[in-house]
Amino acid sequence: MSIHTSTVAELSTALARGDHSSRELTEAFLQRIQGQGVALNALVTVTAEQALAAADAADRARADGEAGPLTGVPMVHKDIFCTRGVRTSCGSRMLDNFISPYNAHVVDRLSAAGMVCLGKANMDEFAMGSSNETSFYGPVKNPWDTDAVPGGSSGGSAAAVAGGLAPAATGTDTGGSIRQPAALCGITGLKPTYGRVSRYGMIAFASSLDQAGPMARTAEDCALLLEAMAGFDMRDSTCVEREVPRYSQHLATDLNGLTIGLPKEYFGEGLDPTVASAIDAAVTEYRKLGAEFREISLANTHLAVPAYYVIAPAECSSNLSRFDGVRFGHRCDAPKDLEDLYKRSRGEGFGDEVQRRIMVGTYALSAGYYDAYYLKAQQVRRLIRDDFLSAFEDVDLILGPTSPTAAFNIGERSDDPVSMYLSDIYTIAVNLAGLPGISVPAGFAGGRPVGLQLIGNYFDEARLLGAAHAYQQVTDWHTRVPEAFA
Amino acid sequence: MSLDKDDVRQIAHLARLAVDDQRLPEHASNLSAILEFVEAMDAVDTAAVEPLAHPLEMRQRLRPDQVSEENQRELFQSVAPAVEGGLYLVPRVIE
């Protein structure tokens, strides 16, 4: 067993058997990060010293008989999660100098579970992007082909797992930011139901859409991680007070009689034919496992990206108003008055895409335009949500591609915002509705990974993970590793 | 909706963003393309549809009105660009 291609579950077993200490695993991954990993630009901060201390603490806890399944297993956090005493940049010049004074809820939970944080993963600036090209720290490379983007915005997290720099990572998903990079990098990524995981300490982009989730090699690993991440937190007013199932104990799922919907809108124009055949092959596998398929319609799918690009920028323009150069973050030199301080600090601190979205949101919320844009988008949001609700009256899960194409090349779409936005055409509606979704490796197109997306009903993560796990028992796409990072 | 340079200048002012004059045409063209794209929503009649602000349509949770945070002013001000005597410093506002 090679450490860097192992799953979280395998490493957990190896630790429990005493085959490796957490220190050995941590040193092995740090070596990967500082060796082959450098070329990927997947991490923006490496916390070697803290990681080794946490590993030693995990080894001591194990010696004392206090180890859980995740104790001593290394991971990385997307740099959107606040980490006390460690720079939390959110991929932005604005927060390049920001040392967080507190931990995100998710960071505390995974640390309490004994996980060892190796560092912070690169990301699109403030999670706004689908390619990781908007990061202040430069683009992340896809381990399958370093000319290709890893997807975004959790591109550093996805590339770190696919490149064997960490067995697992946290991500956040506002419009596809966990599922799309998971698909493009050939790993498994779960976006939970809105409210399942606390957003406390997760730097806000669009608060009615943002949700944290796990990224790893397998559905089983995502189950282990979600179990530790999820749970009620007073400090997030939208966090749901609801028991967290033991997802990892309910993975074995009999798919006989399971009804899966195939939305015809997800298989139309714009879908790459090679991606389509990989998804068709996955449908065949699911049929063999006993699932039944039914064609469904999510009739307002074509309005999801337009509605999102009003709602997300509107929320972002409001959320990002806190970055004013006064209390933390970047401040311009020698401001001549308060307005100059605000304007230049923000103009210098934010990159192009972030400024674009702030301006779109500001415009959409401004007097005279509110009804035409923001209110309209919220009405469309209900139509999109209702499409899912009526689909789930007939089916248990919905299946389709995660992304219309495999990874595109770095630079290919960066000059055309609208064409970039369309990368998320199959993922965005899920956020508007607040539903859970998972992306699972399902083949290749032109040597680059293809992701299969499963969408579940509210709080039905257990069934989603079970269905993904069943597929991973009969396929081996999730075990493939890129040659250059084998 | 097609925006011109003056529109962008006004939006940037509202958003408190310093935008280089030379880049105004580029911003105008990108923002116009985005607005044109989102206007696809106009094709559907939503007159009778209640807006959805939040996916779970939750009510705001209330808690007892008690102090739950301790004062961490020094810690929080340690990441501020300029503080003095516990206050955040900004350029003079009142002459």
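Is there any pair with a first residue in region A:370-384 that is farther than 16 Å from A:ALA429 by Cα and a second that is part of a helix (DSSP H, G or I) and hydroxyl-bearing (Ser, Thr, Tyr) whose Cβ atoms are under 9 Å apart and which are 6 or more apart or on different chains, and what are they?
A:TYR373/A:TYR363
Taking the residues in region A:223-239 that are among the hydrophobic types (A, V, I, L, M, F, W, C) and crowded, with 20+ Cβ neighbours inside 10 Å as candidates, determine which candidate is farthest from the other protein chains (Cβ to nearest Cβ).
Residues of region A:223-239 among the hydrophobic types (A, V, I, L, M, F, W, C): A:223-226, A:228-230, A:232, A:234, A:239.
Next, only the ones that are crowded, with 20+ Cβ neighbours inside 10 Å stay: A:223-226, A:228-230, A:239.
On the way: A:ALA223: 23, A:LEU224: 26, A:LEU225: 23, A:LEU226: 18, A:ALA228: 23, A:MET229: 18, A:ALA230: 15, A:CYS239: 9 Å.
My answer is A:LEU224.
For region A:13-25, enumerate the residues that are part of a helix (DSSP H, G or I) and closer than 8 Å to A:GLY72 by Cβ.
Step one: filter region A:13-25 for residues part of a helix (DSSP H, G or I), giving A:13-17, A:22-25.
Scanning region A:13-25 gives A:LEU15, A:SER22, A:LEU25.
Answer yes or no: is there a residue in region A:198-207 that is surrounded by 24 or more Cβ atoms within 10 Å (Cβ to Cβ), more than 19 Å from A:SER135 (Cα to Cα), of a type in the set (S, T, N, Q) and more than 13 Å from the chain's Cα centre (by Cα).
There is at least one residue in region A:198-207 that is surrounded by 24 or more Cβ atoms within 10 Å (Cβ to Cβ), more than 19 Å from A:SER135 (Cα to Cα), of a type in the set (S, T, N, Q) and more than 13 Å from the chain's Cα centre (by Cα).
Of all residues in region A:324-338, count the ones that are crowded, with 23+ Cβ neighbours inside 10 Å and on the phi > 0 side of the Ramachandran plot.
So the answer is 2.
Counting only residues that are of a type in the set (A, V, I, L, M, F, W, C) and either buried (at least 21 other Cβ atoms within 10 Å of the Cβ) or in a loop (DSSP other than H, G, I, E, B) (or both), how many does region A:261-300 have? Steps first, answer last, please.
Going residue by residue through region A:261-300, those that are of a type in the set (A, V, I, L, M, F, W, C) are A:262, A:267, A:271, A:275-276, A:278-279, A:281-283, A:289, A:291, A:293, A:296, A:298-299.
Then drop every residue that is not either buried (at least 21 other Cβ atoms within 10 Å of the Cβ) or in a loop (DSSP other than H, G, I, E, B) (or both), which leaves A:271, A:275, A:278-279, A:282, A:289, A:291, A:296, A:298-299.
Looking only at that region, the number is 10.
Against the condition of a type in the set (A, V, I, L, M, F, W, C), more than 8 Å from chain B (Cβ to nearest Cβ), under 23 Å from A:ASP96 (Cβ atoms) and in contact (Cβ under 8 Å) with a residue 40 or more places away in the chain, how does A:PHE323 come out, does it pass?
On the way: of a type in the set (A, V, I, L, M, F, W, C): yes; more than 8 Å from chain B (Cβ to nearest Cβ): yes; under 23 Å from A:ASP96 (Cβ atoms): yes; in contact (Cβ under 8 Å) with a residue 40 or more places away in the chain: yes.
Yes; evaluated as a whole, the condition is true for this residue.
From the list A:LEU303, A:LEU341, which residue is touching a Gly at 6+ places or on another chain (Cβ under 9 Å), farther than 20 Å from A:PHE136 by Cβ, at the interface with chain B (Cβ under 8 Å from one of its Cβ atoms) and assigned to a helix (DSSP H, G or I)? Lay out the reasoning, then the answer.
On the way: A:LEU303 fails: touching a Gly at 6+ places or on another chain (Cβ under 9 Å).
Criteria check complete, one pass: A:LEU341.
Please specify each residue of region A:339-378 satisfying the condition of being surrounded by 24 or more Cβ atoms within 10 Å (Cβ to Cβ), under 19 Å from B:THR46 (Cβ atoms) and within 26 Å of the chain's Cα centre (by Cα).
A:ALA377
Restricting to region A:39-96, name every residue that is buried (at least 24 other Cβ atoms within 10 Å of the Cβ) and on the phi > 0 side of the Ramachandran plot.
Within region A:39-96, A:GLY72, A:CYS90, A:GLY91 qualify.
To keep it simple, each residue is scored yes or no on (1) under 30 Å from A:SER135 (Cβ atoms); (2) touching a strand residue (DSSP E or B) at 6+ places or on another chain (Cβ under 6 Å); (3) facing chain B (nearest Cβ under 7 Å).
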| site | (1), (2), (3) |
| --- | --- |
| A:PHE328 | yes, no, yes |
| A:PRO335 | yes, no, yes |
| A:GLY349 | yes, no, no |
| A:GLU353 | yes, no, no |
| A:GLY361 | yes, no, no |
| A:GLN379 | no, no, yes |
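Can you tell me which of (1) within 14 Å of chain B (Cβ to nearest Cβ); (2) within 30 Å of A:GLU10 (Cβ to Cβ) is the one A:LEU255 doesn't meet?
Checking A:LEU255 against (1) within 14 Å of chain B (Cβ to nearest Cβ); (2) within 30 Å of A:GLU10 (Cβ to Cβ), the one that fails is (1).
Give the residues of region B:31-72 that are acidic (Asp, Glu) and more than 7 Å from chain A (Cβ to nearest Cβ), sorted by residue number. Lay out the reasoning, then the answer.
Taking region B:31-72 and keeping what is acidic (Asp, Glu), we get B:36, B:39, B:42, B:45, B:50, B:57, B:65, B:69-70.
Within region B:31-72, B:GLU36, B:GLU39, B:ASP42, B:ASP45, B:GLU57, B:ASP65, B:GLU69, B:GLU70 qualify.
Could you check B:PRO81 against (1) under 22 Å from the mean Cα position of the chain (by Cα); (2) at pLDDT below 95 and say which number it fails?
Result: B:PRO81 passes all but (2).
Being more than 14 Å from chain B (Cβ to nearest Cβ), among the charged types (D, E, K, R) and touching a residue at least 40 places away in the same chain (Cβ under 8 Å) is the filter here; which residues of region A:385-406 pass it?
A:ASP394, A:ASP396 - these are the residues of region A:385-406 that are more than 14 Å from chain B (Cβ to nearest Cβ), among the charged types (D, E, K, R) and touching a residue at least 40 places away in the same chain (Cβ under 8 Å).
Residue-wise test of (1) part of a helix (DSSP H, G or I); (2) of a type outside the set (Asp, Glu); (3) touching a Lys or Arg at 6+ places or on another chain (Cβ under 6 Å).
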| site | (1), (2), (3) |
| --- | --- |
| B:GLU36 | yes, no, no |
| B:ASP45 | no, no, no |
| B:PRO51 | no, yes, no |
| B:LEU56 | no, yes, no |
| B:GLN60 | no, yes, no |
| B:ASP65 | no, no, no |
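Conditions: (1) surrounded by fewer than 16 Cβ atoms within 10 Å (Cβ to Cβ); (2) not in a loop (DSSP other than H, G, I, E, B). B:GLU95 meets all but one. Number of the miss?
Here B:GLU95 clears every test but (2).
Looking at region A:26-59, which of its residues are in contact with a helix residue (DSSP H, G or I) (Cβ under 8 Å, 6 or more places away or on another chain) and in a loop (DSSP other than H, G, I, E, B)?
Across region A:26-59, the qualifying residues are A:ASN41, A:ALA42.
Restricting attention to region A:414-425, does a residue exist that is over 20 Å from A:ALA304 (Cβ atoms), of a type outside the set (Ser, Thr, Tyr) and within 14 Å of chain B (Cβ to nearest Cβ)? Spell out how you get there, then give the answer.
Residues of region A:414-425 over 20 Å from A:ALA304 (Cβ atoms): A:414-415.
Next cut, of a type outside the set (Ser, Thr, Tyr) only: A:415.
So of that shortlist, the ones also within 14 Å of chain B (Cβ to nearest Cβ) come out as A:415.
The answer is yes, given that some residue of region A:414-425 is over 20 Å from A:ALA304 (Cβ atoms), of a type outside the set (Ser, Thr, Tyr) and within 14 Å of chain B (Cβ to nearest Cβ).
Wholly within region A:366-468, which strands (runs of 3 or more DSSP E) include no fewer than the required count, namely at least 3 residues that are in contact with a helix residue (DSSP H, G or I) (Cβ under 6 Å, 6 or more places away or on another chain) and of a type in the set (A, V, I, L, M)?
A:437-445, A:448-456
The values are calculated or read from the model by the stated rules, or taken from the named source; none is laboratory data. Quick caveat: nothing in here was measured; it's all calculated off a predicted structure. A quick note on method: Cβ atoms are made from the backbone with ideal geometry, for glycine too, and the neighbour counts reach across all protein chains shown.
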